[in-house]
Amino acid sequence: MPFFPDGLHDSPGLTGRDLRNNIVITMKAMHVSIRQIGNSQGVVIPKPVLIQLGLSAEAGAEMTIEGGALVLRRPASPVRTGWAEAARRIAEAGDDALVMGEFGNAADAELTW
C-alpha cells in the first residue's frame, strides 16, 4: 500500500484502492518545451489534448505530482453548485415552508432583542 507523506493524495482507504477515478488515455510521447511566462515557467498544452481531456482555460485544472509525474485533472465541481438556482425554484413554487415549524426555547419569550 503506497504511503503519501505530502497529504496531497487520497488515501487508498480500507479497500486498498485509490479513491480517484482515473481515465488513462494513451498517446505517443510528445516532447514539449518549458517556456518562460513572467516570473514562472509553463508548458503549452495542444488544443486537441485539452479537448480530449475536457480541460479548459475557464475551468482550470487540478495539478498534483504523483509518482514523479505531473498530473492534471478536470477540477471537481465546486461544493453546492446549483443550490442557489434550486432554492430560487423552490421559493417560486411556494414550497419553502419550514419543515419543523417554529421551535424556540420556552425561555426565549422573556428575552429582550
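The values are calculated or read from the model by the stated rules, or taken from the named source; none is laboratory data. Note that the structure is a prediction, hence the values are computed from the model and not measured. Please note: Cβ atoms are built from the backbone with ideal geometry, for glycine as well, and neighbour counts cover all protein chains shown.
Among residues of the range 46-58 that are free of Cβ contacts under 8 Å to residues at least 24 places away in the same chain, those with a Cβ under 8 angstrom from a residue that is of a type in the set (D, E, K, R) and surrounded by 10 or more Cβ atoms within 10 Å (Cβ to Cβ), sequence gap 6+ or separate chain, pair up as Gly54/Arg74; Leu55/Arg74. Within the range 64-111, the set of residues being of a type in the set (S, T, N, Q) and in contact with a strand residue (DSSP E or B) (Cβ under 6 Å, 6 or more places away or on another chain) comprises just one member, Thr64.
For every residue, the table says whether it meets (1) surrounded by 10 or more Cβ atoms within 10 Å (Cβ to Cβ); (2) assigned to a helix (DSSP H, G or I); (3) in contact with a His (Cβ under 7 Å, 6 or more places away or on another chain).
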| position | (1), (2), (3) |
| --- | --- |
| Glu58 | no, no, no |
| Val71 | yes, no, no |
| Pro75 | yes, no, no |
| Arg80 | no, no, no |
| Ala91 | yes, yes, no |
| Trp113 | no, no, no |
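Of everything in the range 11-61 that is at pLDDT 90 or above and not hydrophobic (A, V, I, L, M, F, W, C), the residue that is nearest to Ala76 (Cα to Cα) is Gly42. Scanning the range 33-56 for residues being surrounded by 10 or more Cβ atoms within 10 Å (Cβ to Cβ) and either outside any strand (DSSP E or B) or of a type in the set (Gly, Ala, Ser) (or both) gives a total of 12. Consider the range 61-113 and keep the residues that are of a type in the set (Asp, Glu) and within 18 Å of the chain's Cα centre (by Cα). The one that is farthest from Val43 (Cα to Cα) is Glu66.
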